[in-house]
Amino acid sequence: MNHPKILIAKFMLHIQANIKAYIRFVAMLLFVTTLFSKLWGVYDLIAFSILFVMLIFDLLQRNYPKTPFEAFSYYIFWIVAFFSIIISIYVQFNYFEFEHDFAFFHFPIKEVFVIKLIVFIVSFIKYKSIIVTNTILSKLWLVVIFLHFTSILLNSTYGFETWFYNLAIISAMETLVIIFTENKLLIYKLTVIDFLWKKK
């Protein structure tokens, strides 16, 4: 039986090795807590600040997810952020009525989920791993995700639904091209036609 100190040491090593993933999980918990606790009456601005910090964090090259666990943390943060925003709006405006049951599909998320799910399944079959592309298009789409989510969060009159949807399709097509043309999982750079990709 392992000594408690050994278990603690192993746990600390695990945290250190996956610190970027745990930063995303902590940010996710802060974001959800802020939205639903209505912290200090300026919860929307605090939630916006958390999203902005995580946008910058995920755009930095050194924070590119290099393990399946980090990739999972990347996806789960943005997925949970979206649904937290929608649910908080439902709660705030009491939209839990039959005519609003599927209102969140108007943002549009249903089609984007289907598109990204197809890419996820294809990539998992090919590489047996979760991948996060690090191309110009993927970074641009992340920025649009941020803009779209914050426009909903701050009740902005300017929406990014069209950009959100169109870039999701284009980015997914680029990822599929990468998957079908490369046998090894890559650390991606620039675009699908960049021939200076680094092999893992």
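Quick look at the values:
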quantity: Peptides 51-63, 130-142 ordered by average Cβ neighbours within 10 Å, highest first; calculated: 130-142, 51-63
quantity: Label point distance in nm, Ile136-Asn155, each placed 7 Å from Cα along Cα→Cβ; calculated: 3.9 nm
quantity: 14 Å beta-carbon shell around Ile79, net charge (K/R +1, D/E -1); calculated: +2
quantity: Net length gained if the chain between Ile56 and Phe124 were fully extended (0.36 nm per residue, minus Cα distance); calculated: 21.8 nm
quantity: Sorted peptide list for 166-174, 145-153, criterion being average Cβ within 10 angstrom, highest first; calculated: 145-153, 166-174
quantity: Calculated FRET value between Ile169 and Gln16, using beta carbons and R₀ = 41 Å, to 0.05; calculated: 0.60
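Rule-based calculations on the coordinates, nothing more; no lab input. All figures in this text were calculated on a predicted structure; none of them were measured in a lab. Here Cβ is always computed from backbone atoms with ideal geometry, including for glycine, and neighbour counts include all displayed protein chains.
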